[in-house]
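Okay, so here's the structure we're looking at.
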Amino acid sequence: MGKRRGGRELLRGLSKKQKKHLREFGEEHPFHDKLLLLLPLHSCSPFQSENSDKSSAESDSETEVEQISVYHKLLATLKTSPESESEEEEDESESEEAGESEAEVDSEGSQETGEADGDEEDKNDIPEEEEATDTAEQTLSQEQADGADTSCDPHHGVIEEFTDVKHESEFSLETNFMEEESGDCNVDKRDSNPFKQHMDKELEEKEIEKMSTLPKSSSQSQWSRLGQLTFSSSLEKPKTLKADKEVDVKQLHLHKPLESTWPKVNNHFLPSVNKPSDSPFTPLQRELFCIMNTYRDLFYPERNALTNGEEIRRAYCLHALNHVLKANAQVLTNNAKRRDRKPGSDTDDYRDQGLTRPKVLMIVPFRESALRIVHIFINLLEVNDKKKIDVSNKKRFKGEFGSDPEEKPPNLKRPEDYEAVFAGNIDDHFRIGVAILQKSMRLYAPFYSSDIIIASPLGMRTVIGAEGEKKRDFDFLSSIEILVIDQADVYLMQNWEHVLHLMKHINLLPLDSHGVDFSRVRMLNLNNWSKYYRQTLLFSALQDPQINSVFNKHCFNYVGQVAIRNVPLTGSISHVVVQLPHVFRRLEAESVASLIDTRFQFFINNVLPEYRDAIMSHTLIYVPSYFDYVRLRNYFKKEDLNFTHICEYTKKAGVCRARRFFLKGEKQFLLFTERFHFYKRYTIKGIRNLIFYELPTYSHFYSEICNMMKATDSGVDATWTCTVLYSKYDAQKLAAVVGIDRTAQMLQSKKNVHLFVTGEN
């Protein structure tokens with residue numbers, strides 16, 4: 001009885017959104033906390049070998065069970081409240097000790113004192129309230145059984161996911177025809193039309209075999225804005241493009257009304273004094289769109305949420321919408337021709353569709369990103385204020401994907417890039433179908449009636465499912481022609497396995513016909529060659545081996561690939577403002593697969609002994625991988641070292657306690673994970689010695705962590721140290737930190753490198 005009452009008490013303090021998340025995942029969504037914990041304990045390490053793809057596929061069924069029984073119950077122990085958030089802000093202020101003490105008292109309640117031991121802190125990282133969580137789920141089920149209307153409530157789970165079935169006939173491609181008065185009936189049939197050139201190309205079997213077996217040839221080119229470009233192709237020697245210095249909208253073969261609406265939509269990024277003859281593109285957009293419009297795959301690893309993120313979003317939205325409008329116009333025009341054709345005429349002239357309707361898949365990390373994309377689509381389709389397009393379910397969409405100002409705690413001081421990434425609604429589990437037909441847009445369209453699908457990796461994973469599950473579906477991905485993966489770096493902080501799982505299930509032959517008219521299906525789709533026609537647009541804030549792997553191994557476009565490969569000249573070490581000696585210690589590993597074990601042995605044998613002495617107190621160990629963190633934590637326990645730890649699963653009371661112990665010197669070591677820093681960006685005070693167990697994923701994290709030392713008012717600057725472990729496999733990360741010139745020298749030399757940064761280097 002007490003447990004059941006405890007479950008109801010747990011639910012009383014939850015909002016509708018938190019109840020929804022608890023119902024779906026068995027966890028409370030930390031809306032105020034902004035801690036999006038998406039790395040299950042079983043996902044692969046960033047340095048796992050290539051064979052991990054096979055092993056992960058074989059263990060998919062086991063993965064799902066483990067997520068429910070361990071991972072979700074682990075996350076269920078995360079509770080947040082406005083009071084605890086304010087306590088954290090006090091912890092950031094000058095009265096840090098008082099704030100942390102208050103947080104400790106409020107969080108622990110009547111718990112016994114004496115939790116200073118590292119073993120006791122581990123309780124913050126393991127499940128504690130499994131029975132209470134189960135009871136809470138039962139109570140939620142009881143609420144729905146008592147008559148609560150959850151089918152129309154946007155705050156309840158995807159078990160009864162809303163889809164718009166009312167407007168099915170209005171947006172059906174099969175039963176509609178092109179409206180002549182719309183001005184769109186004259187489909188662009190010119191041979192120079194990029195859409196027709198790409199989709200009408202008929203490949204031969206020997207060309208498919210060539211693309212599957214032969215390595216790609218590449219060539220280099222230098223563009224004024226994008227920099228160093230690498231063109232690659234398997235079919236023929238890649239032809240390098242030249243960026244147009246001036247772009248005439250009429251020469252881009254844009255579908256109406258995009259020619260007139262694009263300059264207005266993009267006006268925000270253009271100079272304030274803009275002549276009618278000026279280009280409607282920024283220099284970056286012009287060169288990116290020049291590549292997109294040729295239907296080549298594109299990898300741009302210099303996306304920045306602060307500077308060019310919205311420019312890029314508008315550019316790929318224009319390209320995707322242009323593709324959809326052209327494809328639909330072709331179908332509607334052929335519908336009219338079939339209606340008026342003579343009996344017995346050839347039907348192969350009307351092959352204009354895929355096996356399923358969805359043509360564009362956009363992967364974005366948060367609901368806010370989906371909201372902005374839909375708004376761009378609406379603005380691009382509205383010719384003027386008098387001609388508003390009809391958008392179905394717009395109010396519901398704003399309610400589910402918009403943000404509530406009250407959800408964001410006031411007075412949070414975080415870096416600008418943090419505010420830009422985590423702006424608006426940061427829920428990461430969503431998917432929505434969008435259908436576009438001439439002057440109307442349908443939100444929440446069923447996937448098989450959608451032209452565009454906008455989703456997060458987690459949203460795709462939950463609908464694709466795993467092998468052995470009864471309810472799973474990925475047929476709607478069979479005929480995707482444009483795949484956009486935006487902010488790919490964020491998925492490294494969520495769960496990269498979801499991205500890999502998606503790539504394995506895209507452009508496969510569907511298991512069901514789904515009512516398709518096979519006489520209208522293109523031969524490329526019937527031959528299961530869809531992946532060779534799919535264009536992939538990949539945008540990231542950094543170059544990472546895992547992101548590079550997706551672009552190199554999962555992109556098969558017959559036209560070829562274009563990757564921007566600029567090298568950093570200076571590196572983030574130049575932004576370190578404290579005078580600090582940096583020691584880069586090189587470790588030798590035989591292969592990437594052995595790197596994890598080699599790094600661990602090198603650390604415990606060569607680095608850790610130097611810091612065991614009590615004089616080397618206040619040592620923070622920065623660990624990017626959660627698995628390395630767990631391994632180090634277990635080793636520190638075994639060796640009975642005086643340490644504390646903070647990871648993405650640590651509760652707030654444990655975080656405050658660990659920071660206080662470390663600041664006062666009661667704990668000599670602090671194990672600190674990269675994901676915690678990504679989602680929280682707390683300033684850790686008291687650092688005197690810093691160890692980067694591995695180079696950070698984001699290069700600017702290196703300077704951020706180093707600059708935390710200036711928060712220590714101890715007057716012992718000369719005793720500060722910074723040690724970094726690296727190997728030859730860390731070349732990209734190393735170049736982002738120290739610059740390309742130093743990287744070349746460090747990789748050639750097998751000696752340790754000592755750098756002294758004064759803030760001006």
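The values are calculated or read from the model by the stated rules, or taken from the named source; none is laboratory data. As the structure is a prediction and not an experimental result, all values here were calculated from the model. Because the Cβ atoms are built from the backbone with ideal geometry, glycine has one as well, and the counts that use them run over all protein chains shown. With ligands, DNA and RNA removed, areas are computed over all heavy atoms of the protein, side chains included. Shrake-Rupley method; radii C 1.70, N 1.55, O 1.52, S 1.80 Å.
Show me, for the stretch 412-420, the HN-Hα J-couplings you get by feeding each phi into the Karplus relation (A = 6.51, B = -1.76, C = 1.60, θ = phi - 60°), rounded to Hz, glycine and proline as x.
So the Karplus estimates, Gly and Pro as x, are 7, 10, 10, x, 4, 5, 5, 4, 5 Hz.
Any chance you could run the full-extension gain for Val249 through Lys637? It's 0.36 nm times the residue separation minus the Cα-Cα distance, nm to one decimal.
Value of the extension gain: 133.2 nm.
Carbon and sulfur: what percent of the stretch 264-338's accessible surface (1.4 Å probe)? Spell out each step's value before the answer.
Values: 1250 of 2410 Å².
On the stretch 264-338, the fraction of accessible area on carbon and sulfur atoms equals 52 percent.
What's the FRET efficiency of Arg339 with Ser212 using the Cβ-Cβ distance as r and R₀ = 45 Å, to the nearest 0.05?
According to the calculation, E is roughly 0.65.
How many angstrom lie between the Cα centre of the stretch 535-566 and the Cα centre of the stretch 581-603?
27 Å
Hey, what do the phi angles of the stretch 395-402 turn into as Karplus ³J(HN,Hα) couplings, whole Hz, using 6.51/-1.76/1.60 and θ = phi - 60°, x for Gly and Pro?
5, 5, 4, 5, x, 7, 9, x
If I compute solvent accessible area with a 1.4 Å probe over the protein chains, what percent of it on the stretch 572-758 is carbon and sulfur?
Summing carbon and sulfur atoms, their accessible area is 49 percent of the total for the stretch 572-758.
Which percentage, to the nearest 5, of the DSSP beta bridges contained in the stretch 572-758 is antiparallel?
Antiparallel bridges make up about 20 percent of those DSSP assigns within the stretch 572-758.
Please list, in order along the stretch 463-474, the HN-Hα scalar couplings obtained from phi with the Karplus expression 6.51 cos²θ - 1.76 cosθ + 1.60 (θ = phi - 60°), rounded to whole Hz, x for Gly and Pro.
8, 5, x, 10, 4, x, 6, 6, 9, 8, 7, 9
So with the 1.4 Å probe, I'd like the accessible area per residue for the stretch 572-758, rounded to whole Å².
Ligands and nucleic acids excluded, the figure is 36 Å² per residue.
For the stretch 342-402, with all protein chains present and a 1.4 Å probe, just round the carbon and sulfur fraction of the accessible area to a whole percent. Don't skip to the answer; put the middle values down first.
Working: 1240 of 2700 Å².
Percent of accessible area from carbon and sulfur atoms in the stretch 342-402: 46.
Amide H to amide H, which residues 5 or more places from Leu298 or on other chains are under 5 Å from it, using H placed in the peptide plane?
Under 5 Å from the amide H of Leu298: Thr536, Leu537, Leu538, Val562.
My understanding is that a pair violates if its Cα-Cα distance is over 25 Å; which of Lys166/Lys337; Lys250/Lys395; Lys264/Lys388 do that in this structure?
Going by Cα-Cα distance, Lys166/Lys337; Lys250/Lys395 fall outside the 25 Å limit.
Solvent-accessible area per residue for the stretch 366-448 at a 1.4 Å probe radius, Å²?
Accessible area per residue: 44 Å².
Show Asp340, Asp278, Asp427 ordered by accessible area, largest first, where the area counts protein heavy atoms only and the probe is 1.4 Å.
Asp340, Asp278, Asp427
For Cα pairs less than 8 Å apart in space and 6+ apart in sequence, what is the mean separation divided by the residue count of the stretch 572-758, i.e. the relative contact order in percent?
Numbers: 297 pairs, mean separation 73.2, N = 187.
Here the relative contact order equals 39 percent.
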